[in-house]
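Worksheet: one structure, shown below.
The values are calculated or read from the model by the stated rules, or taken from the named source; none is laboratory data. Bear in mind the structure is a predicted one, so any value in this text is a computation, not a measurement. Neighbour counts are summed over all protein chains in view; Cβ atoms, including those assigned to glycine, are modelled from backbone coordinates with ideal geometry.
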Amino acid sequence: MRNTRLLASLLVLGSAQALAEEKWYEYEHLYLQGGTFIHFSSSDDHSGSNLLIGLEAQKSNNWLYGLALFDNSFGQFSQYAYVGKSWDFSGKLENFHAKLTAGIIHGYREPWDDKIPLNSKNGWAPGLVPSFGYKKGQFGIDIMLLGNSGLLFTMGTNL
């Protein structure tokens, strides 16, 4: 847990510095994505739609920021606002990339407020999401690790 908080803090600080060095609102393109997630273990409490939609601004220096909207596993409307970094594997694994995002998750409220680490009673928690993906032209797919709970599969396109 401590390592996760440290890594998230470093990513947010690095993102803040990178965004401060240039106009944060300038981006190369927008990336619209939608997806679904699966759990590593099932529960009778899971009642969410398992659907997500997100919009991400991707900068030419591989920094990014975005917002994802979804119903969490318990049917509660939730959001993830984040900043992050992408790394391309050009030359070795053409068109493949890895991403790491850090941000704020909102929406996990009682009685499921204990389902994500460091969640406050009003539903705010830090988030850290690593992913691996493939992008060719305007279209891409990603697989994201959602802690020890599950995987998120997304498809997206540049706007």
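General remarks:
- Residue under evaluation Lys85, criteria (1) charged (D, E, K, R); (2) out of contact with any Lys or Arg (no Cβ under 9 Å at 6 or more places or on another chain); (3) farther than 18 Å from Thr36 by Cα, criterion not met: (2)
- All of Glu110, Glu94 fail the test of being acidic (Asp, Glu) and either touching a residue at least 40 places away in the same chain (Cβ under 8 Å) or under 26 Å from Asn158 (Cβ atoms) (or both), apart from Glu94.
- Filtered residues of region 28-44 (kept if at pLDDT below 95, outside any loop (DSSP other than H, G, I, E, B) and within 16 Å of Ser149 (Cα to Cα)): Phe37, Ile38, His39
- When region 99-126 is limited to residues that are assigned to a strand (DSSP E or B) and among the β-branched types (Val, Ile, Thr), the one that is nearest to the chain's Cα centre (by Cα) turns out to be Thr101.
- Answer from Ser73, Ser60, Ser47 - the residue that is closer than 19 Å to Leu32 by Cα, out of contact with any Lys or Arg (no Cβ under 7 Å at 6 or more places or on another chain), in contact (Cβ under 8 Å) with a residue 12 or more places away in the chain and not in a strand (DSSP E or B): Ser60
- Test: residue in region 32-44 that is among the polar types (S, T, N, Q), under 14 Å from Leu152 (Cβ atoms) and in contact (Cβ under 8 Å) with a residue 40 or more places away in the chain: yes
- Top-ranked residue of region 32-52 - restricted to ones that are within 14 Å of the chain's Cα centre (by Cα) and within 12 Å of Asn72 (Cα to Cα), ranked as surrounded by the most Cβ atoms within 10 Å (Cβ to Cβ): Leu52
- Ile104 satisfies every condition listed in (1) among the aliphatic types (A, V, I, L, M); (2) farther than 22 Å from Glu26 by Cβ; (3) touching a residue at least 60 places away in the same chain (Cβ under 8 Å) except (3).
- Scanning region 81-89 finds one or more residues that are surrounded by fewer than 20 Cβ atoms within 10 Å (Cβ to Cβ), farther than 14 Å from Gly127 by Cα and without any contact (Cβ under 8 Å) to a residue 12 or more places away in the chain.
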